[in-house]
Each structure stands twice: as C-alpha cells, then as structure tokens.
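Written below as structure tokens is the structure these notes are about.
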Amino acid sequence: YWILEYRIDVDTLTADPSAPAGSVTSVEFCGGTHLKRAGHMNTFTVVSEKPIAKGIRRILAVTGAEAAAAVARGEAIQAESDAITAQIEGGKYEYKKIIGEVNTLIQSNDKSVIPAWRRDRIRDHMSAIKAKLDKAKIESEKGLATENAAEIASLIAKNKDAPVIVEVLKTKGTSKGISEGLKTMRKKAPETAAVIMAVNDDDVFFHCLVPKKLSSGVGLRADEWLATFSGMLGAKCGGKDLYAQGSGKGAAQVEKALNLAKQYADSKMK
C-alpha cells in the first residue's frame with residue numbers, strides 16, 4: 001500500500017509515474033493494515049504495550065483467528081490461576097509443590113500471547129499469592145522451630161547422663177529448630193554427642209553435635225557421622241569434626257538412617 005497526498009488524483013499519477021505531477025505530490029510506502037471495514041477484523045485484542053523511547057509506547061494487537069486464539073489462551077491461564085487460588089484458600093497444599101506451580105504459571109503467563117489486560121491481572125494476582133505463601137511459610141517455620149527446640153530440650157532432660165543421643169523429632173521439623181535445640185544442648189549437656197533428625201513432608205533435616213572431648217578421645221567426628229547415612233537421603237551436607245548438618249529427601253528412609261547413625265556411634269563408643 002501507498003499513502004498519497006491527494007493534490008492530484010491517483011489515476012493521473014499512476015497513468016504516468018514519471019510526469020512532473022509526481023514531484024509535487026507526497027508518496028510514501030505504508031506497511032500498515034488496511035481494511036475495507038472494521039468488521040473484517042472480527043476479534044481484536046491488544047497483546048502488549050511497552051515503552052520504546054521517552055514518551056513513546058508501542059502497542060501490539062492481533063485480530064481474527066490469532067486474536068481468538070489469544071483470548072482462549074488467556075482464559076485457559078486464568079482457569080489455572082483460579083484453580084491454584086482455590087487450592088490455597090482450601091488450605092490443602094504442600095508449600096514446595098504449590099510455590100513451584102505458582103512460579104511456573106507466572107512464567108507461562110508472561111511468555112504467552114494473551115490479552116495484555118488479562119496478563120497484567122494474572123501477574124498481579126499470582127505475585128500477591130506468592131507473597132502470601134512466603135509470609136505464611138515464614139510464620140509457620142517460626143512456630144515449628146519453637147516446637148523443635150522444646151522437644152530437644154525434653155530429650156536432653158530425659159537423657160541427661162547419656163553420652164550419645166540419636167533421635168528423630170516427633171514434631172514437624174525445620175533446620176533452624178534443630179539448630180536452636182542443639183544450642184541448648186551445648187549449655188545443658190556439654191559432654192553429650194547427638195544426631196537429631198526432623199521430617200517435614202518428604203524433606204529430612206539433620207544436625208550433628210560432637211563435644212571436643214569425644215572427638216579427640218574416641219575419634220567421633222560429626223562430618224563422618226553424617227556421611228554414614230546422608231547418601232541414602234541424597235543429602236547435601238556441610239560441617240567439620242565438631243558440628244555438621246545437612247538436608248535431603250526421603251522420609252521413608254529415616255528409620256534406616258537412624259539405625260546407621262546409631263551403629264556408627266556404638267562403634268566409636270565401645
């Protein structure tokens with residue numbers, strides 16, 4: 001298509017393009033969309049709007065079958081968003097799984113060609129949902145950490161004279177909760193070595209504390225102690241001879257891990 005400045009009619013210009021009339025008429029190439037009437041578009045939707053320079057924004061829209069597909073795609077993503085929201089409001093979800101679904105949906109929403117207004121609405125809603133989940137997790141872990149520390153304090157009281165404690169917490173566990181509990185053990189039972197495990201859904205957390213006297217005296221090392229069972233949990237561990245910790249997956253393997261930890265301690269304490 002061409003845009004013409006109509007000082008001279010188009011037929012005259014096209015009949016003799018080299019005539020002098022062409023030099024006094026503005027003629028530019030136009031790459032835009034042309035319609036006989038607006039109804040030819042059928043469906044119309046804006047799919048993006050973004051700045052390209054100061055004070056200038058680029059708007060991209062699609063029409064017809066492509067627009068209908070964009071609308072349908074947006075409705076499908078909206079349905080996913082609604083389903084996730086309903087699941088969270090019902091309270092029946094596992095944090096790691098649901099936060100993964102939320103992140104995947106946010107990425108899919110941002111990359112998909114859908115109506116811009118719906119993309120913005122879904123992004124804002126899911127970002128708010130994500131923030132709410134993170135806040136709830138932090139608050140939940142604070143409570144669990146307090147429960148874990150209290151349970152470890154109870155274990156210390158029940159096993160006051162025991163040289164070694166190897167236990168799995170009954171309360172749902174957190175790494176921070178075990179850490180706080182072992183700080184108390186350092187003060188109240190400084191001669192006691194311990195491996196404390198805790199389960200949270202399928203996650204397994206474990207910390208190991210070894211007094212310097214036992215490490216140098218019988219060769220009981222925290223890092224070696226964890227190495228006896230961490231493999232079966234696919235765990236990542238860190239630490240040295242007096243303190244080590246790790247986390248992995250496999251709640252079903254905890255009893256086996258516990259037995260291996262006890263066997264290692266028995267072999268050193270004989």
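The values are calculated or read from the model by the stated rules, or taken from the named source; none is laboratory data. Nothing here was measured: the structure is a model prediction, and the numbers come from that model. Quick reminder, even Gly has a Cβ in these numbers, built from the backbone with ideal geometry, and neighbours come from all protein chains shown. Areas reflect the complete protein model, heavy atoms only, side chains present, ligands, DNA and RNA absent. Shrake-Rupley method; radii C 1.70, N 1.55, O 1.52, S 1.80 Å.
Structural remarks
- Considering region 243-261, the residues that are in contact with a Ser or Thr (Cβ under 9 Å, 6 or more places away or on another chain) and in a helix (DSSP H, G or I) include one that is farthest from Ile178 (Cα to Cα), namely Leu260.
- Within region 89-113, residues that are acidic (Asp, Glu) sit with their Cβ atoms under 6 Å from residues that are in a helix (DSSP H, G or I) and buried (at least 16 other Cβ atoms within 10 Å of the Cβ), at 6+ positions apart or across chains, in these pairs: Glu101/Ile84.
- Criterion (at pLDDT below 95, in contact with a Ser or Thr (Cβ under 7 Å, 6 or more places away or on another chain), assigned to a helix (DSSP H, G or I) and open to solvent by less than 70 Å² (accessible area, probe 1.4 Å)) met by exactly one of Ala145, Ala150, Ala136, Ala162: Ala145
- Complete set of residues in region 202-232 that are within 20 Å of Gly181 (Cβ to Cβ) and touching a helix residue (DSSP H, G or I) at 6+ places or on another chain (Cβ under 6 Å): Val204, Phe205, His207, Cys208, Leu209, Val210, Leu220, Trp225, Phe229
- Checking each residue in region 193-228 for being crowded, with 17+ Cβ neighbours inside 10 Å and among the charged types (D, E, K, R) picks out Asp203, Arg221, Asp223.
- Residues satisfying the stated conditions in region 166-192, i.e. over 13 Å from Cys208 (Cβ atoms) and open to solvent by less than 90 Å² (accessible area, probe 1.4 Å): Val168, Leu169, Thr171, Gly173, Thr174, Gly177, Glu180, Thr184, Ala189, Pro190
- Top-ranked residue of region 246-264 - restricted to ones that are in contact with a helix residue (DSSP H, G or I) (Cβ under 7 Å, 6 or more places away or on another chain) and in contact (Cβ under 8 Å) with a residue 60 or more places away in the chain, ranked as most open to solvent (accessible area, probe 1.4 Å): Ser247
- Any hit, region 45-63, residues being open to solvent by 80 Å² or more (accessible area, probe 1.4 Å) and in contact (Cβ under 8 Å) with a residue 24 or more places away in the chain: yes
- Members of region 218-230 found to be within 13 Å of Thr192 (Cα to Cα) and small (Gly, Ala, Ser), listed by number: Ala222
- Residue list for region 229-238, restricted to those being open to solvent by 50 Å² or more (accessible area, probe 1.4 Å) and in contact (Cβ under 8 Å) with a residue 12 or more places away in the chain: Met232, Gly234, Lys236, Cys237
- The set of residues from region 1-35 being part of a loop (DSSP other than H, G, I, E, B) and modelled with pLDDT of 75 or more comprises Asp16, Pro17, Ser18, Ala19.
- Residue that is most open to solvent (accessible area, probe 1.4 Å) [pool: residues in region 72-96 that are under 19 Å from Asn200 (Cβ atoms) and not aromatic (Phe, Trp, Tyr)]: Lys92
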